[in-house]
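These notes are about the structure you will find just below.
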Amino acid sequence: MKRLRGNALRSPFNAEVGRETLQQGRQLLKQLYYQNNNGTALLRDHCRLVDSLLLEVWHGIAMPDSISLLAVGGYGRGQLFPYSDIDLLVLLPKAGSSIDAMDNAIKSRLELWVRLLWDIGLEVGHSVRTLGECKEEAVKDITVQTSLLEARQLAGDYQLFSEFSHAMQAGLDPRSFFIAKQLEQQQRHGRYHDATYNLEPNLKESPGGLRDLQNILWVSRAAGLGKSWSDLARGEFITPQEGRLAQRHQTIMQDLRIRLHYFAGRREDRLLFDYQTSLAEELNITDKPPRRAGELLMQRYYRAAKAVTQINTILLLTLRAKIFPAADAAPVIINDRFQKRGELLEARDESIFRQDPSTILESTLLLQQNHELKARSAGTLRAMWQAAPLINASFRRNQSNRALFMKILRQPRGLTRELRLMNRYGLLGRYIPAFGRIVGQMQHDLFHVYTVDEHILMVVRNLRRFLAPEFAHEYPLCTRLIREFRHPEVLYLAGLFHDIAKGRKGDHSTLGKTDAQHFCKQHGMPPEDTELVTWLVENHLVMSITAQKKDISDVGVIGDFTTRVRDERHLIALYLLTVADIRGTSPKVWNTWKAKLLENLFWAAWHHLYGEPIHADGIIKKRRNNALELLQRAGIPANAHEHLWSALDPTYLLLHDSEEIAWHTRQLSHRIKSPTPVVKARVAPSGAGIQVLVYAPDQKDLFARICGFFDGIDCNIVEAKIHTSRDGYALDSFLVLDPFNLVEDQHNVISFVEHELARQLEQQVSLKPPLKGRLSRHLKHFPITPEVDIEPDENNVYHVLSIVVGDQPGLLSRIAQVLAHFCVDVHGARINTLGERAEDTFLITGKMLHETRTLIHLETALLEALQTSGGTTHAIPEKFLP
């Protein structure tokens, strides 16, 4: 693609007048749109406005008639959104010419033309090609071929444009084009994890967006079957009702995209939280408690997106059958009701679904059982969709239907695909009414990025993914465990029901347990499987909370957890469901740190259940011996550890594994009385972040200083273990995550941390106020009221400080500085971030924690420091600053 810029010539065209004309014209179009709400007219008239200005500039600089100016892409289609790019093709006359061989005068005029367009405010994307180059690019790039398919002439040589049009059509192979566009759609959907119900969807690109509708028309156009919905209806590729449905939902999507562009004041196709409430107000959608106006707007979008995916699936199947006719392939009879033709499942009589609705589930089972079948035929899918209302109470009571549904869950392949299709066509919500109530239900917890139903199906998909050999490298432990798990349908049912009661009054885990129990009994599941499903639904958050918020090196924590899980089967099932659940909330929530926490808890519980009992003395002895063996291998003198270990409380050996103890000892055995701080860092053995060791004379605000340092370099502390030796030294260890994942630069990061943190601690640089910054847009629109809870632990040795707050810049420093002000010592910290929700837990001690009055003062100070408003974080009140 060749582009031009420059100002070789002067032009009689007045750019200032042109800019004013464009601005006034666009403003008038906007006013008319808000008066009549006619999106189709706006897109058409915007094209006409831009056409007129382009032509005025084109003719104003006397471009040669031998060159053709073409509108391509959406602009060529006649649909120009308020802030969309204006895609243009300058078609050169000679097949053998090129920009480099162009006459200098023509080249100068083109350069001037481009500059003038930008001067008047037209953001054009232009290319300059010969006919031969167009052919070549179209063959190489399906995106270019699609864009040129919709070209329309604006100016220049009509004969040249005619040759271009014929060449583009002649170069089209409908079969190759169909395959390429289908693959392109699959890849695009994959970028959104095949989820139609994203909480912040892209109106253009997401599954169920405008691109899915355009894809149908591109394929039909390339095959010469029609350029519009009415064309397809006349050709009987869709019913008139489906044609009207497609047009209506295209209008809804276009209207939302137009309003989004105007509201954002730029090209913005993502329906972000920032815009949802305001757009709802524009559309006169008001709150209907408990649902907000923004949620009701999204319900409207989800209905449209769902309809688009339904139409897209059926029509692509229909067009495929036309483009790849299999009429010569004799049908292979499967049974009295179904046959296969090529790779498609066909109903032998499409009325069968109305005559016998149980065939809806039978068709699903047949697709799973016959590996050579890729999908239902268009006619079969359409007939099944139309019969969906027959899945009613009588259908659900039918024992044969219940048995069929359980068979579907037990199949080794195709479950994710079929559950998603059942949800898309309203079948799953009719068969499980509780599921139907959460279809399209939004979640404003700052870490889920899908609606409840989409999240649930993502969890089931993750469980199935554990079984796929091609993904075994992603989850080696999960793969190993699930392959040996009896009756894996237990896990899938737990996934289907774990969040099914969200949005109801009460604990969704308890309510979901009741729904799951009712379903399992209705479907004749064995009592032990029913018990496991209901237990998993009720306890699906337990492992996540224990791993991420509690100290799993504490024998009491492990003991309580294993008491709750009871046996190996419950432990394995809960671990698999927990990993699948966290992975299904958002691609950004899962990380190697969370994976390691869950795996450590799993093995600790497993050893407690079937290995050696967990006793503090036994653990200390084992870790001590293992650490000594590692030190011996490293050539460390036999007695080098004695001074350090004897100066530390036995808790130190409980809280660190043998390898970490040995590392600490190697670094500190010859620096026990170091007058200056010692800072050492390394890549964590698990690969999850950087481990940092700080050894220094103890001081009141040491923890706050360290937190401030890491906040300042934008690294996140996820775990801290704090010890004070009998010699008055602090031995603190931290696990730090680098948000930028600078793997290739870890050596430099480690060197910087070791040098700079040690320097700041030695010089006792003044404690800086915590970072202030703007809140994320999610927190701005869905704020979290800070929660602070301080309770003594069971042994009355420590207090546990639990904080829930929206994640924000300088958060840990704020907390640390308040604790330092109140002379509260931190002995451990577990920092857990779920999306943009922070749930942090600290193990603390201090005299003031035992007095109600001062304890209230501390809680109040923390709440004040964590408050947010106006989209920015507050500074710590001066009375709490050092």
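Kirkwood hydrodynamic radius (Cα pairs, Å) of the range 509-548? Mind showing how you got there, number by number?
Values: mean 1/r = 0.0959 Å⁻¹.
Mean inverse Cα-Cα distance, inverted, gives 10.4 Å.
Output the relative contact order of the range 679-758, whole-number percent, from Cα pairs under 8 angstrom with separation of 6+ residues. Please report the intermediate quantities before stating the final value.
Working: 115 pairs, mean separation 29.8, N = 80.
About 37 percent, as a whole number.
So which trypsin sites (Lys or Arg not before Pro) in the range 399-502 end up in coil per DSSP with only 15 or fewer other C-beta atoms within 10 Å? Before the final figure, lay out each step's value.
Numbers: sites: Arg402, Lys407, Arg410, Arg413, Arg417, Arg420, Arg424, Arg430, Arg437, Arg461, Arg464, Arg465, Arg480, Arg483, Arg486, Lys502; in loops: Arg413, Arg437, Arg486, Lys502.
Here the sparse-neighbourhood loop sites are Arg413, Arg486.
About the Cα centre of the chain, how large is the charge dipole given +1 on each Lys and Arg Cβ and -1 on each Asp and Glu Cβ? Please answer in debye to the nearest 20. Numbers along the way, then the final one.
On the way: 107 positive and 103 negative charges, 444 e Å.
Charge dipole, the chain, about its Cα centre: 2140 debye, nearest 20.
Residue separation times 0.36 nm, minus the C-alpha to C-alpha distance between Ala330 and Ala105: what's the value? Can you show the working numbers first?
Working: separation 225, 0.36 × 225 = 81.00 nm, distance 6.43 nm.
Contour length minus the Cα-Cα distance gives 74.6 nm.
Below 16 Å, Cα to Cα, which aspartates and glutamates can Lys322 reach? Residues fewer than 8 away in the same chain don't count.
Within the straight-line cut-off, Lys322 pairs with Asp173, Asp231, Glu236, Glu343, Glu346.
Between their Cα atoms, which of Lys596/Lys673; Lys621/Lys680; Lys549/Lys588; Lys588/Lys768; Lys622/Lys673; Lys204/Lys588 are more than 24 Å away from each other? All intermediate terms of the calculation are to be shown ahead of the outcome.
Working: Lys596/Lys673 34 Å; Lys621/Lys680 26 Å; Lys549/Lys588 19 Å; Lys588/Lys768 30 Å; Lys622/Lys673 28 Å; Lys204/Lys588 22 Å.
Check vs 24 Å cut-off fails for Lys596/Lys673; Lys621/Lys680; Lys588/Lys768; Lys622/Lys673.
Relative contact order for the chain: what percent, with Cα pairs under 8 Å and sequence separation of 6 or more? Each step should come with its number before you reach the end.
On the way: 1300 pairs, mean separation 58.7, N = 882.
About 7 percent, as a whole number.
Report the gain in length on full extension from Glu568 to Asp356: 0.36 nm times residue separation, minus Cα-Cα distance, nm rounded to one decimal.
Details: separation 212, 0.36 × 212 = 76.32 nm, distance 4.34 nm.
Going from the current span to full extension adds 72.0 nm.
Rank Ser394, Gln310, Ser351 by how far each Cα sits towards the positive end of the charge dipole of the range 304-415 (+1 on Lys, Arg Cβ; -1 on Asp, Glu Cβ) and give me just the farthest.
In the range 304-415, that residue is Ser394.
Can you tell me how much longer the chain between Glu56 and Lys407 gets when fully stretched, taken as 0.36 nm per residue apart minus their C-alpha distance, in nm with one decimal?
Details: separation 351, 0.36 × 351 = 126.36 nm, distance 6.78 nm.
119.6 nm is the gain from fully extending Glu56 to Lys407.
Going down the table (Lys340/Lys407; Lys721/Lys847; Lys407/Lys513; Lys374/Lys502; Lys140/Lys306), which pairs top 25 Å between alpha carbons? All intermediate terms of the calculation are to be shown ahead of the outcome.
Working: Lys340/Lys407 21 Å; Lys721/Lys847 21 Å; Lys407/Lys513 22 Å; Lys374/Lys502 34 Å; Lys140/Lys306 33 Å.
Among Lys340/Lys407; Lys721/Lys847; Lys407/Lys513; Lys374/Lys502; Lys140/Lys306, the Cα-Cα distance tops 25 Å for Lys374/Lys502; Lys140/Lys306.
Report, to two decimal places, the Cα Rg of the chain normalised by 2.2 N^0.38 Å (N = number of residues).
Values: Rg = 32.7 Å, N = 882, 2.2 N^0.38 = 29.0 Å.
Working it through for the chain, the quotient is 1.13.
Could you tell me what percent of the accessible area of the range 439-571 is made up of carbon and sulfur, with a 1.4 Å probe and every protein chain present?
Values: 2710 of 5110 Å².
C and S atoms contribute 53 percent here.
Where the only charges are on Cβ atoms (+1 Lys, Arg; -1 Asp, Glu), what is the dipole of the range 491-617 about its Cα centre, to the nearest 20 debye? Please report the intermediate quantities before stating the final value.
Numbers: 14 positive and 16 negative charges, 130 e Å.
About 620 debye.
What FRET efficiency comes out for Glu474 versus Arg341 if R0 is 45 angstrom and r is the Cβ-Cβ distance? Round to the nearest 0.05. The partial results should precede the final answer.
Working: r = 37 Å, r/R0 = 0.82.
About 0.75, to the nearest 0.05.
Between Arg291 and Phe263, what FRET efficiency follows from the Cβ-Cβ distance if R0 is 25 Å, with the result rounded to 0.05?
Working: r = 21 Å, r/R0 = 0.85.
FRET efficiency, Arg291 to Phe263: 0.75.
Using the heavy atoms of the protein chains alone and a 1.4 angstrom probe, what is the accessible area of the chain per residue in square angstrom? Mind dumping the intermediate values first?
Working: 38650 Å² over 882 residues.
Normalised by residue count, the accessible surface of the chain is 44 Å².
Over the range 181-260, calculate the relative contact order: mean separation of alpha carbon pairs under 8 Å at least 6 apart, over the residue count, as a percent. Numbers along the way, then the final one.
Details: 59 pairs, mean separation 17.2, N = 80.
With pairs under 8 Å counted, the relative contact order is 22 percent.
Taking the Kirkwood radius as the inverse of the mean 1/r across Cα pairs, report the Rg/Rh of the range 111-203. Can you show the working numbers first?
Values: Rg = 17.3 Å, Rh = 16.1 Å.
Result: Rg/Rh = 1.08.
Where does the charge balance sit around Met298 when Lys and Arg score +1, Asp and Glu -1, over other residues with C-beta under 11 Å from its C-beta? Show your work: numbers first, answer last.
Numbers: positive: Arg291, Arg292, Arg300, Arg303; negative: Glu200, Glu295.
Combined, the nearby Lys, Arg, Asp and Glu give +2.
For Arg853 paired with Asn626, estimate the spin-label separation in nm (one decimal), with each label point 7 Å from Cα along the Cα-to-Cβ line.
Roughly 4.9 nm, to one decimal.
Could you check the simple spin-label distance between Thr510 and Glu659, using points 7 Å along Cα→Cβ, in nm with one decimal?
For Thr510 paired with Glu659, the spin-label model returns 4.3 nm.
Counting only protein heavy atoms and a 1.4 Å probe, tell me what percentage of the range 311-374's accessible area is made up of carbon and sulfur. Could the numbers behind the result be given before it?
Details: 1460 of 3020 Å².
It is 48 percent, rounded to a whole number.
What whole number of Å gives the distance from the Cα centroid of the range 685-734 to the Cα centroid of the range 580-651?
18
Projected onto the charge dipole of the range 541-617 (+1 at Lys/Arg Cβ, -1 at Asp/Glu Cβ, origin at the Cα centre), which of Gly559, Leu609, Leu541 gives the Cα projection farthest towards the positive end?
Looking along the dipole axis, the top candidate is Leu541.
List the residue ranges in the chain for DSSP H helices whose C-alpha atoms run 20 angstrom or more along the long axis and whose Kyte-Doolittle average is -0.5 or above.
Values: long enough: 15-36 (31 Å, -1.08); 39-60 (31 Å, 0.29); 104-120 (24 Å, 0.25); 174-191 (26 Å, -1.40); 240-264 (36 Å, -0.83); 293-323 (44 Å, 0.35); 452-467 (24 Å, 0.38); 508-522 (21 Å, -1.09); 568-583 (23 Å, 0.68); 592-610 (26 Å, -0.13); 616-633 (26 Å, -0.84); 852-866 (21 Å, 0.69).
Span-like helices in the chain: 39-60, 104-120, 293-323, 452-467, 568-583, 592-610, 852-866.
Counting only protein heavy atoms and a 1.4 Å probe, tell me what percentage of the range 645-769's accessible area is made up of carbon and sulfur. If you can, show how the numbers build up before the last one.
Values: 2660 of 5350 Å².
In the range 645-769, the share of accessible area belonging to carbon and sulfur is 50 percent.
In debye to the nearest 20, how big a dipole does the range 588-744 give about its Cα centre with +1 on each Lys and Arg Cβ and -1 on each Asp and Glu Cβ? Don't jump to the answer; show the numbers that get you there.
On the way: 17 positive and 18 negative charges, 50 e Å.
Approximately 240 debye in magnitude.
The values are calculated or read from the model by the stated rules, or taken from the named source; none is laboratory data. All of these numbers come straight from a predicted model, not from anything done at the bench. All Cβ positions, glycine included, derive from the backbone under ideal geometry; neighbour counts span all protein chains shown. Only protein heavy atoms, including side chains, enter the accessible area calculation; ligands, DNA and RNA are left aside. Shrake-Rupley method; radii C 1.70, N 1.55, O 1.52, S 1.80 Å.
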